[in-house]
Amino acid sequence: QVQLVESGGGLVQAGGSLRRSCAASGRTVISYAMAWFRQAPGKEREFVASISGYVGRTDYAASVKGRFTISRDNAKNTGYLQMTSLKPEDTAVYYCAAGDVATMRRQTYDYWGQGTQVTVSS
């Protein structure tokens, strides 16, 4: 069983930066894939970024590539999403997720964080 606790959301102006954290318990982060998804009001939850277990291969949605960076700190058992050059359209509730395989499909992931609001003002 894996438990994920998120932190680091909030309000930021367009062009600013935020770092989201996802602290894991119950299993070491290096052994599983982690991902970030987001859901804006009235829209479906969409893939943002993923990092595979062990090798750490990363993948990004086209809308965030070059602006967001997913990473993990194995010693702290924590995953991160560094968000830069934020735009108003990045406003959403962001969720971290964990599973056995890194994919873009939310159905792949067995464990989810509680979700935290990120609001980007223009």
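The values are calculated or read from the model by the stated rules, or taken from the named source; none is laboratory data. Keep in mind that what you see is a predicted model, and the values were worked out from it rather than measured. Note that we place each Cβ from the backbone using ideal geometry, even for glycine, and neighbour counts take in every protein chain shown. Note: areas computed on protein heavy atoms with side chains; ligands, DNA, RNA excluded. Shrake-Rupley method; radii C 1.70, N 1.55, O 1.52, S 1.80 Å.
For the subset of segment 1-27 comprising residues that are modelled with pLDDT of 90 or more and hydroxyl-bearing (Ser, Thr, Tyr), which member is surrounded by the most Cβ atoms within 10 Å (Cβ to Cβ)?
Ser21
Could you grab me the full set of residues in segment 21-39 that are closer than 14 Å to Gly115 by Cα and either more than 14 Å from the chain's Cα centre (by Cα) or assigned to a loop (DSSP other than H, G, I, E, B) (or both)?
Result: no residue meets the conditions.
Would you confirm, using the coordinates I've provided, whether Val48 is over 22 Å from Gln1 (Cα atoms) and touching a helix residue (DSSP H, G or I) at 6+ places or on another chain (Cβ under 6 Å)?
no
Anything in segment 40-51 that is more than 13 Å from the chain's Cα centre (by Cα) and open to solvent by less than 60 Å² (accessible area, probe 1.4 Å)? List them, or say none.
Ala40 - this is the single residue of segment 40-51 that is more than 13 Å from the chain's Cα centre (by Cα) and open to solvent by less than 60 Å² (accessible area, probe 1.4 Å).
What's the number of the condition Val55 fails, among (1) surrounded by 15 or more Cβ atoms within 10 Å (Cβ to Cβ); (2) of a type in the set (A, V, I, L, M); (3) part of a loop (DSSP other than H, G, I, E, B)?
Evaluating Val55 over (1) surrounded by 15 or more Cβ atoms within 10 Å (Cβ to Cβ); (2) of a type in the set (A, V, I, L, M); (3) part of a loop (DSSP other than H, G, I, E, B) leaves (1) as the failure.
Results for (1) at pLDDT below 95; (2) open to solvent by 30 Å² or more (accessible area, probe 1.4 Å); (3) not hydrophobic (A, V, I, L, M, F, W, C), shown as yes or no for each residue.
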| site | (1), (2), (3) |
| --- | --- |
| Ser63 | no, yes, yes |
| Ile70 | no, no, no |
| Ser85 | no, yes, yes |
| Pro88 | no, yes, yes |
| Tyr95 | no, yes, yes |
| Val101 | yes, yes, no |
